[in-house]
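Participant: Dumping the structure here so I can ask a few things about it.
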Amino acid sequence: MTWRKFATVSRPQDRKDVLLEAGLTLASELSLPIVLQRIVDLAAQVTDARYGALGVIGDGGDLVEFITTGLSARQRRAIGPLPHGRGILGLLIHQPAPIRITTIAEHPKSVGFPANHPPMRSFLGAPVKAMGRVFGNIYLTDKRTAASFSKEDEESVVILATQAGVAIANATLYEETRLRERWLDALREITDEMLAGSDAESLAAGIAERARELAGADAASILTESSVPGQLVVAAAVGAQAAQVRGQSVPAARSISGDVMKSGVTLVTDDASSHRDAYQPIIRLGRVGPAIFVPLRAPRGATGTLMIANSTGGRRFDPQTVRLVETFADQASVAMEYARAQADVRRVGLMDERERIAKELHDGVIQSLFAVGMGLQSTALMTGSPEQAARIEGAVGELDKVIRDLRNYIFGLRPGILADRQLDQALRSLGEEVQARSGFNIAVEIDRDLAATLSGQSHEIVQLTREALSNVVRHANAKNSAVRLVQKGSSALLSIEDDGSGFDAKHDSHGSGLRNMRERAASLGGKLRITTKRGRGTSLRITFPLLPDSAIRPGPKVTTGRTQPRARVRR
């Protein structure tokens, strides 16, 4: 930007006129950034200073903003980061009273200037008080028409600082009002999206965007728990570098977001890239500098983190912005929990509908088809024509296929209502399906009587088998695999074996697959045992007890092979 130049104020009357005009000008402006810049410009004009600055003091006593006049944008960039408020600048911070210095370098508190800083000699400073506290300080250097600033200059700056305090208070209250309006608008928009039934992904993106706008930040993202244990995922990202970070994984145990979720406490950093707990790959990818990490709280604990950030070297976030983002995040968390609850309700409704359809198919359609098949078989026995009997027998066979297909559909809709031997059929169908997709041979050996008694546990058994075969397809490089379900004394044994490459069971977890299978085995009251060696294949054996009313007679009927023989019409 271009810095304004002012004419010298040489007469007392001119000075009074400028101060009167300054009071009116500042009182009419409600934009805080403009008010701060005008204060600096007016102070330099009134005192005939070559350079001027207004340092805004943060809660920690450091300078959080530094507005200047007399320096070009190029000079500001060459000087580098904001001053920390040490030396002469710090003197006013710790002792908020007007001060005049003839030669800065000779003052005992002087610590010198940074590289590329223009030389400065005389100094005049005064505190600016707003809303009962010291808001900042006016700094003026190098009076152009004298060796040092005068007592009259000091008095003028004190008057201007008083006017500035009132103007800052008005502008700050106006900014707070506008922020509150924006906060309410953001909440209203999020609520509308929530009630409209927006999916979780769209809702999270909307929350991130509105939080970014509230904070005036460069970027915002929401991290939530991943399906992979111990990992978080960037579920939504908006603003700078959004495309690069969206969908990325972050370890919960080695990241700021994971720590914030665990503690439930907001973390604010002036430079995320230098924070000891930052997960550097994602921080570098997003070019994150100053940042706010806010937990998204829920009754069961934090379910995610909202990160608001500026790019590396960008503006630090003030306490007011942090409080605003925290409040918004708490409200947004409610919306996200509501969206999750609605999704659960829809899932339950879908499952209920599937249950109803499956029951109608099982209790109605299949029984009707069974009756028709029985009638046709009776007709075939009574007909005197072998040709007609064969045609009727063919029709019975087609009905048999329809019933088998319907039972497979019922299994997909409602695993818990399996008819006799439907577990047997489901495991065979699963083997055929995986074999067709993968190209390797899958032999299925099932004790039919045992399968009939395990109908109440069919869902877990089939899902165990599905997970195991999926791992074989993805990881084993096998040519052959075998699925067996047989009785061993008072227990059932489900085994899935392959002749593939094997793996190191201690270090290769295959994602969450083995953990899921162990949990399912535990839900059956059993245990999963893994036998594997690199290059020697893998054997998974799940042994679980039979329920008291599930005892079956010795001499199980076992069928083998990859396909099921054509079934006759039966219940």
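Participant: Filter region 19-40 for residues that are open to solvent by less than 10 Å² (accessible area, probe 1.4 Å) and more than 14 Å from residue 136 (Cβ to Cβ); which is modelled with the highest pLDDT?
Facilitator: Start the filter on region 19-40 by keeping residues that are open to solvent by less than 10 Å² (accessible area, probe 1.4 Å), which leaves 22, 26, 35-36, 39-40.
Checking the rest, the ones that are also more than 14 Å from residue 136 (Cβ to Cβ) come to 22, 26.
Numbers: 22: 66, 26: 70.
Checking each candidate, the answer is 26.
Participant: Filter region 218-261 down to the residues that are open to solvent by less than 40 Å² (accessible area, probe 1.4 Å), polar (S, T, N, Q) and over 12 Å from the mean Cα position of the chain (by Cα) and list them by number.
Facilitator: 255
Participant: Being aliphatic (A, V, I, L, M), modelled with pLDDT of 85 or more and surrounded by 15 or more Cβ atoms within 10 Å (Cβ to Cβ): is that true of residue 452 here? Explain how you work it out, then say what you get.
Facilitator: Values: aliphatic (A, V, I, L, M): yes; modelled with pLDDT of 85 or more: no; surrounded by 15 or more Cβ atoms within 10 Å (Cβ to Cβ): yes.
It is false that residue 452 is aliphatic (A, V, I, L, M), modelled with pLDDT of 85 or more and surrounded by 15 or more Cβ atoms within 10 Å (Cβ to Cβ).
Participant: Please go through region 136-168 and pick out each residue that is open to solvent by less than 20 Å² (accessible area, probe 1.4 Å), in contact with a strand residue (DSSP E or B) (Cβ under 8 Å, 6 or more places away or on another chain) and among the aliphatic types (A, V, I, L, M). Step through it out loud before you land on a result.
Facilitator: Restricting attention to region 136-168, the residues satisfying the condition of being open to solvent by less than 20 Å² (accessible area, probe 1.4 Å) are 136-141, 149, 153, 156-157, 160-161, 164-165, 167-168.
Subset that is in contact with a strand residue (DSSP E or B) (Cβ under 8 Å, 6 or more places away or on another chain): 136-141, 149, 153, 157, 160-161, 164-165, 168.
Answer for region 136-168, where residues must be open to solvent by less than 20 Å² (accessible area, probe 1.4 Å), in contact with a strand residue (DSSP E or B) (Cβ under 8 Å, 6 or more places away or on another chain) and among the aliphatic types (A, V, I, L, M): 138, 140, 157, 160, 161, 164, 168.
Participant: In region 242-265, which residues are closer than 18 Å to residue 218 by Cβ and not in a helix (DSSP H, G or I)?
Facilitator: 246, 248
Participant: Suppose the filter is closer than 26 Å to residue 324 by Cβ and either under 14 Å from the mean Cα position of the chain (by Cα) or assigned to a loop (DSSP other than H, G, I, E, B) (or both); does residue 268 pass it? Step through it out loud before you land on a result.
Facilitator: Numbers: closer than 26 Å to residue 324 by Cβ: yes; either under 14 Å from the mean Cα position of the chain (by Cα) or assigned to a loop (DSSP other than H, G, I, E, B) (or both): no.
So residue 268 does not fit the description; no.
Participant: For region 49-64, enumerate the residues that are at pLDDT 80 or above, surrounded by fewer than 21 Cβ atoms within 10 Å (Cβ to Cβ) and either among the charged types (D, E, K, R) or over 22 Å from residue 313 (Cβ atoms) (or both).
Facilitator: Passing the criteria: 50, 51.
Participant: For region 455-479: of the residues being of a type in the set (Gly, Ala, Ser) and within 13 Å of residue 430 (Cβ to Cβ), which is surrounded by the fewest Cβ atoms within 10 Å (Cβ to Cβ)? Can you show your working first?
Facilitator: Of all residues in region 455-479, those of a type in the set (Gly, Ala, Ser) come to 455-456, 458, 468, 470, 476, 478.
If we keep only those that are within 13 Å of residue 430 (Cβ to Cβ) as well, we get 458, 468, 470.
Working: 458: 20, 468: 24, 470: 14.
Applying the filter and picking the extreme gives 470.
Participant: If residue 285 satisfies all but one of (1) in a loop (DSSP other than H, G, I, E, B); (2) open to solvent by 60 Å² or more (accessible area, probe 1.4 Å); (3) modelled with pLDDT under 90, what's the number of the condition it fails?
Facilitator: Unmet for residue 285, out of (1) in a loop (DSSP other than H, G, I, E, B); (2) open to solvent by 60 Å² or more (accessible area, probe 1.4 Å); (3) modelled with pLDDT under 90: (1).
Participant: Here are 418, 423: which of them is over 18 Å from residue 500 (Cβ atoms) and modelled with pLDDT of 80 or more? So that I can check it myself, show each step before the final result.
Facilitator: Values: 418 fails: modelled with pLDDT of 80 or more.
Sole residue among the options that is over 18 Å from residue 500 (Cβ atoms) and modelled with pLDDT of 80 or more: 423.
Participant: Can I ask one more? For region 482-500, which residues satisfy the criterion of being within 13 Å of residue 431 (Cα to Cα), in contact with an Asp or Glu (Cβ under 8 Å, 6 or more places away or on another chain) and open to solvent by 10 Å² or more (accessible area, probe 1.4 Å)?
Facilitator: Those that are within 13 Å of residue 431 (Cα to Cα), in contact with an Asp or Glu (Cβ under 8 Å, 6 or more places away or on another chain) and open to solvent by 10 Å² or more (accessible area, probe 1.4 Å): 482, 484.
Participant: Which of the residues spanning region 375-396 are part of a helix (DSSP H, G or I), modelled with pLDDT of 80 or more and either open to solvent by less than 50 Å² (accessible area, probe 1.4 Å) or closer than 30 Å to residue 426 by Cβ (or both)?
Facilitator: Matches in region 375-396: 375, 376, 389, 392, 393, 394, 395, 396.
Participant: Here is a follow-up. Quick one: which strands (runs of 3 or more DSSP E) lie wholly within region 41-104 and hold at least 1 residues that are more than 15 Å from residue 123 (Cα to Cα)? Break it down stepwise before answering.
Facilitator: Values: elements: 49-57, 63-69, 99-101.
Once the strands (runs of 3 or more DSSP E) in region 41-104 are filtered for at least 1 residues that are more than 15 Å from residue 123 (Cα to Cα), what remains is 49-57, 63-69.
Participant: Restricting attention to region 466-482, report how many residues are under 16 Å from residue 521 (Cα atoms) and either over 32 Å from the mean Cα position of the chain (by Cα) or basic (Lys, Arg) (or both).
Facilitator: Residues that pass the stated criteria total 1.
Participant: Would you be able to say whether some residue in region 177-193 is touching a helix residue (DSSP H, G or I) at 6+ places or on another chain (Cβ under 7 Å) and within 30 Å of residue 52 (Cα to Cα)?
Facilitator: Checking region 177-193: at least one residue is touching a helix residue (DSSP H, G or I) at 6+ places or on another chain (Cβ under 7 Å) and within 30 Å of residue 52 (Cα to Cα).
The values are calculated or read from the model by the stated rules, or taken from the named source; none is laboratory data. Owing to the predicted nature of the structure, the values given are computational and were not obtained by experimental measurement. Glycine also receives a Cβ, built like all others from the backbone with ideal geometry; neighbour counts cover every protein chain displayed. In case anyone asks, the SASA skips ligands and DNA or RNA and just uses the protein heavy atoms, side chains included. Shrake-Rupley method; radii C 1.70, N 1.55, O 1.52, S 1.80 Å.
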